[in-house]
Amino acid sequence: MSIEIQKVTANIGARVSGVDINKPLDEDRTTALREALNVHKALVFDDVHLDDEGQEAFARHFGDLTTAHPTVSAVDGAPNVLPVDSERGRANHWHTDVTFVLNPPQASTLRSITIPPYGGETLIASSAAAYRDLPEPLRVLADTLWAEHTNDYDYAVPEEIDDERAAQRAQFTSIKFRTVHPVVRVHPLTGERGLFIGGFAQRIVGLSTGESRKILDILQAYVTRPENVLRWRWSPNQLVLFDNRITQHYAIDNYDDQPRRLNRVTVAGDIPVGIEGKESYSIEGDASHYTSVAE
Ligand SMILES: [Fe+2]
């Protein structure tokens with residue numbers, strides 16, 4: 001049985017068949033999947049009948065796991081599994097997972113558990129395609145920029161929130177993180193450049209908040225171009241593996257009050273590196289309880 005890769009769009013996304021990820025993978029298959037991930041950024045697997053442990057085992061083929069989240073609680077009895085549950089909030093904002101820590105996860109897996117009968121798609125964008133799309137003057141500017149990422153800002157929180165949302169937010173920010181990353185990150189496996197911003201990037205180093213917002217908005221518009229986005233409509237028993245070093249994602253809140261549940265397991269990442277070889281640095285917050293640093 002050989003692995004088949006079927007592109008979903010020109011810039012991002014592929015469906016994978018011919019490999020049974022319900023069983024342990026040999027080295028050749030793991031290498032083939034890693035190469036496909038490098039090219040397509042997001043891989044979709046069907047006929048997935050994994051429990052939490054199985055999802056962890058699959059993710060572990062790509063590196064050590066992180067715990068569920070630096071501040072948010074895991075699934076009961078599964079410390080590496082984050083419940084992505086409509087009951088606990090809706091991530092309908094563009095972001096790259098956990099970029100407020102020094103070494104964000106290199107890859108994320110999402111496994112469908114409860115899918116609403118309509119809506120609930122996940123958008124995944126290629127920040128490499130976004131970088132390639134930048135006109136020369138903007139690319140030259142982006143190449144020089146560094147941005148501060150933090151978990152402590154008002155994203156997706158309206159001014160007036162109920163007690164439950166206030167408690168969720170208090171937990172989310174119970175440890176405050178601030179990390180400076182290059183706006184243009186070089187992928188350690190492919191050398192490809194990508195815009196490394198997303199919702200946790202709140203400020204450009206050396207600029208005011210207002211100036212930062214304008215620059216980030218200009219760059220972000222290239223990430224969210226429809227041509228750079230995979231819009232994934234979930235079916236039951238699917239798993240999506242995406243490269244968190246060179247993508248952003250967004251969970252569309254378009255399914256009314258119906259339940260939606262995915263479980264997330266992430267793979268520990270390396271410290272990002274900019275185009276001149278300089279590494280990200282932490283200003284505030286220690287995430288060593290959450291993640292090891294990948295080589
Ligand atoms: Fe996410």
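The values are calculated or read from the model by the stated rules, or taken from the named source; none is laboratory data. Predicted model, so just to flag it, every value in this text is computed and none were measured. A quick note on method: Cβ atoms are made from the backbone with ideal geometry, for glycine too, and the neighbour counts reach across all protein chains shown. Heavy atoms of the whole protein, side chains included, go into the accessibility calculation; ligands, DNA and RNA do not. Shrake-Rupley method; radii C 1.70, N 1.55, O 1.52, S 1.80 Å.
Under a point spin-label approximation (7 Å from Cα along Cα-to-Cβ), what is the residue 8-residue 163 distance to one decimal in nm?
4.0 nm
For the range 65-284, which whole-number percentage of the solvent-accessible area (1.4 Å probe, protein heavy atoms only) is attributable to carbon and sulfur atoms?
Here it works out to 50 percent.
Name the lysines eligible as straight-distance cross-link partners of residue 7: C-alpha to C-alpha under 18 Å, and not fewer than 8 places from it in the same chain.
41
At 1.4 Å probe size, with no ligands or nucleic acids counted, give the accessible surface of residue 5 in Å², nearest ten.
It works out to around 70 Å².
Based on DSSP H runs of at least 4 residues, each adding -39500 (n - 2.57), what is the mean residue ellipticity at 222 nm of the chain after dividing by all its residues, to the nearest 500 deg cm²/dmol? The partial results should precede the final answer.
Working: 6 runs with 64 residues, N = 295.
Taken over the chain, the calculation gives -6500 deg cm²/dmol.
Only helices at least 18 Å long along their axis, Cα-based, and averaging 0.0 or more on Kyte-Doolittle count here, so list those DSSP H runs from the chain.
Span-like helices in the chain: 209-223.
Return the percentage of antiparallel bridges among DSSP beta bridges fully within the chain, rounded to the nearest 5 %.
On the way: 51 of 54 bridges.
The antiparallel proportion sits near 95 percent.
Please compute the modelled spin-label separation between residue 49 and residue 141, points set 7 Å along Cα→Cβ, answer in nm with one decimal.
It is 5.4 nm.
Would you list which aspartates and glutamates come within 16 Å of residue 214, measuring only between C-alpha atoms, while excluding same-chain residues fewer than 8 positions from it?
Leaving aside aspartates and glutamates fewer than 8 places away in the same chain, those within reach of residue 214 are 148.
By its C-alpha gyration tensor, with a ≥ b ≥ c as the square roots of the eigenvalues, how is the range 65-284 shaped: rounded for a/c under 1.5, else prolate for a/b larger than b/c, else oblate?
Since a/c reaches 1.5 and a/b is larger than b/c, the shape of the range 65-284 is classed as prolate.
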